[in-house]
Amino acid sequence: MLGSKTQYSLKNAESYFREHLKTGDYYMEGRTVSGEWIGAGAKKLNLSGITNEKDFLNLCRNVNPQTGERLTQRSNAKRVTVDKNGIVHEYANRRIFFDFTISPPKSVSIAALVGNDKRIIEAHDKAIHAAMNEFESFAATRVRTDGQYDYRPTSNLVGAIFRHDTSRALDPHLHSHCILFNATFDAKENRWKALETCEMFPAQKFIENVYYHELVKSLQKFGYRIQNNPRGDFEIEGVSPELVERFSKRHREIDEKTKELLEREPDKANQNIKVIRANIAHKERARKIKDVGIAKLQSIWNKQLSWGEWWQVNRLDKGQSPEISSRMTAADAIEWAENHLFERRSVVHLHELWRHALEHVRGQNISIADIQSESRQRDYIRNTKFSAQITTREVLEREAKIVTPAQHRMNEYKPLAPKHRVSTVTLDDEQRKAVEHILSSRDFVTLFRGGAGTGKSYTLREVKIGLDKAGHRVQVIAPQSISRFTIWPGTAFILLKQSARFFLAAQ
């Protein structure tokens, strides 16, 4: 899994380094976590090897650690505003760094830490580096040309990786904090500028799958068997769901606090739940436990296992290693990704294609470079902007067959059911107007759209009632297999009227 958080406060950034990144989630006398510098930008600043406090904090303060001079032009730490009541408000005004946290599925942490397989930790580190190398290609900076803002790729980052091994609840939780400073070198202008993440954040799922792909290749070589999950991640076979749940106390704690918050403030239910969970995870953490060493942690974990579970965890890699030679080619993977994406959308980002291709061949002997090389050989229609978006001629032709008649066959038909009296009991004013508009439409294509929770399903049920009464036959086409008329989110359905077809979509 890959999560992210932006650090705006210099004070918090400094304490975060000293109290979390350097120590992990528990205190042990004499124990520190040695970070490691990464990125072409770090090399340009002569930063390599172990991350030291002086250089890290200088970067937090926007100071070049080699010269002591300001690194990027902007260094404002606060933004001051005055509200209508004359009250002064201060806000953090500079992104100091981005914390991208990458972790494997819980079963991998159990095998690595409870099962004490140090090979997995090394494989995790290797996969992290592969993922961050790919992430670097999405680095950019903002440029102003002819009064308009645009973005220029820089492909260099200044970052540091800190690996931790537990959650705050002291469960086994292998993860790495990849700290990326808000600085990148613009070779065209020959100066350091703020890092623009406009392409990095959308590419997170691709980066996550780079990590998974490289990690699974290593796990399979070690003898572990992998089970991919529909939601896009995977687990090691042999680690029971009960064991995963037992070592996920922090996850359950965040679930409970999220539930309590939504019950207390139901208006927040429409917000992004992932953001709510992330805020709770960072703000509501128990104090770190002192005097905990690796041996004590092993004892704590082993006490939570039955004898059979202990035996199971320590023999997970004893099975026959599966055949991991290429069962598919990079071309097969790209073709599968094309079919998967272009079935639903007309234009996609190139990194989305790579992501789904990697997910489809996870763990097989196909490299990321193979996938990318194959995609570059395809006859895609590509844009010329920094944001690499693609489509195919087949997709454009298919769209044209839909759009052309929609544009040129307007007002050519009799209304569907203009005399239908819409129910005012179950529908509000906007829903009623939508029903009346659809039933009085004279176009070949009528599109109906509505936001989440606006009552599209009720509205379209009323449309069907009107069509039935007018003697029209309704044929429903939906992604799900259904035996009765039901409108699901994202459903499309077609209305047949004599020789004409009317396409309506609830999105």
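All of the numbers you see were taken from the coordinates with simple rules; none came from a lab. The structure presented is a predicted model; accordingly, all values stated were derived computationally and were not measured. For neighbour counting, all protein chains shown are included, and Cβ atoms are generated from backbone atoms with ideal geometry for every residue, glycine included.
List of remarks:
- Residues whose amide H falls under 5 Å from that of Tyr151, counting only those 5 or more places apart or on a different chain, are Val143, with hydrogens built in the peptide plane.
- Each residue of the range 153-159 is assigned a 3J(HN,Hα), and the resulting list reads x, 10, 6, 8, 10, 10, x Hz, derived from the Karplus form 6.51 cos²θ - 1.76 cosθ + 1.60 (θ = phi - 60°), x at Gly and Pro.
- Note that the range 214-223 has calculated 3J(HN,Hα) couplings of 5, 5, 5, 4, 5, 4, 5, 5, 6, x Hz, one per residue in order, obtained from phi through the Karplus relation 6.51 cos²θ - 1.76 cosθ + 1.60 (θ = phi - 60°); glycine and proline are x.
- Segment Asn411-Glu19, extension gain: residue separation times 0.36 nm, minus the distance between their alpha carbons: 134.3 nm
- As a rough guide to protection, the peptides 391-404, 189-202 ranked by mean Cβ packing within 10 Å, highest first, stand as 189-202, 391-404.
- Close amide H contacts of Ser4 (hydrogens built in the peptide plane, cut-off under 5 Å, sequence separation of 5 or more or a different chain): Thr101.
- Extension gain, Lys221 back to Asn133 (0.36 nm per residue minus Cα-Cα distance, nm): 29.4 nm
- Proximal charge balance of Arg163 [Cβ under 10 Å; K/R count +1, D/E count -1]: -3
- Using θ = phi - 60° and Karplus 6.51 cos²θ - 1.76 cosθ + 1.60, couplings along the range 360-371 (whole Hz; Gly, Pro as x): 6, 10, 3, x, 7, 7, 10, 8, 4, 4, 4, 4
- Cβ crowding within 10 Å ranks Asp428, Asp317, Asp443 as Asp428, Asp443, Asp317, fewest other Cβ atoms first.
- Simple label model, 7 Å out from Cα along Cβ direction - Thr454 to Ala470, nm: 2.1
- For the residue pairs Lys44/Lys118; Lys22/Lys205; Lys11/Lys296; Lys54/Lys303, the alpha carbons lie more than 30 Å apart in Lys44/Lys118; Lys11/Lys296; Lys54/Lys303.
- When peptides 429-437, 358-366, 209-217 are ranked by their average number of other Cβ atoms within 10 Å per residue, the highest-first order is 209-217, 358-366, 429-437.
- Relative packing of peptides 178-187, 150-159 - highest average C-beta neighbours within 10 Å first: 178-187, 150-159
- Between Gln73 and Arg376, full extension at 0.36 nm per residue minus the direct alpha carbon distance yields a gain of 105.4 nm.
- Residues whose placed amide H lies under 5 Å from that of Leu71, excluding near-sequence neighbours: Val63, Asn64
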